[in-house]
Amino acid sequence: MPWRLIAVCLPSLLAASVLAAPGPARQAELRNLLQQDCGSCHGMTLRGGLGPALLPENLAGKPRGFLIATVRDGRPGTAMPPWGPLLGEDDIAWLVDELLNGKAPRP
């Protein structure tokens, strides 16, 4: 029985791990979204505001999958909206990776 579960879940897990990075033009749009839209709650320098800080040291220890799910699905009961209806999974993964790697734009 466990093999059946693995056979059913493995294709989606593999697909999620090999998402394509957005192209340069889309990356520029996503950086703007991160700075303007995310920054409106998380602070324009991403050091916190209504929402928590999004700096690498603040995200350390949080699993990448958890962060992707948070962006995609939002946080019920908080001001964090679900971005999944507006952004593709590859866009969300790219944004999370930018935050984790400290590459997010900060004025």
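Which of the residues spanning the range 42-99 are over 19 Å from Arg31 (Cβ atoms), in a loop (DSSP other than H, G, I, E, B) and aliphatic (A, V, I, L, M)?
Correct list: Leu50, Ala60, Ala79, Met80.
Consider Asn58 against the criteria (1) at pLDDT 95 or above; (2) over 16 Å from Leu100 (Cβ atoms); (3) touching a Pro at 6+ places or on another chain (Cβ under 7 Å): it satisfies all of them except one. Which criterion is unmet?
Single failed check for Asn58: (2).
What number of residues within the range 35-52 are closer than 14 Å to Thr70 by Cβ and either buried (at least 18 other Cβ atoms within 10 Å of the Cβ) or among the hydrophobic types (A, V, I, L, M, F, W, C) (or both)?
Total meeting the criteria: 3.
If a residue must be in contact with an Asp or Glu (Cβ under 6 Å, 6 or more places away or on another chain) and of a type in the set (S, T, N, Q), how many such residues does the range 38-89 contain?
0
Test each condition in (1) out of contact with any helix residue (DSSP H, G or I) (no Cβ under 6 Å at 6 or more places or on another chain); (2) at pLDDT below 95 for Leu50 and report the one that comes out false.
With (1) out of contact with any helix residue (DSSP H, G or I) (no Cβ under 6 Å at 6 or more places or on another chain); (2) at pLDDT below 95 applied to Leu50, the lone miss is (1).
The values are calculated or read from the model by the stated rules, or taken from the named source; none is laboratory data. Quick caveat, the model's predicted, so the values are computed rather than measured. Quick reminder, even Gly has a Cβ in these numbers, built from the backbone with ideal geometry, and neighbours come from all protein chains shown.
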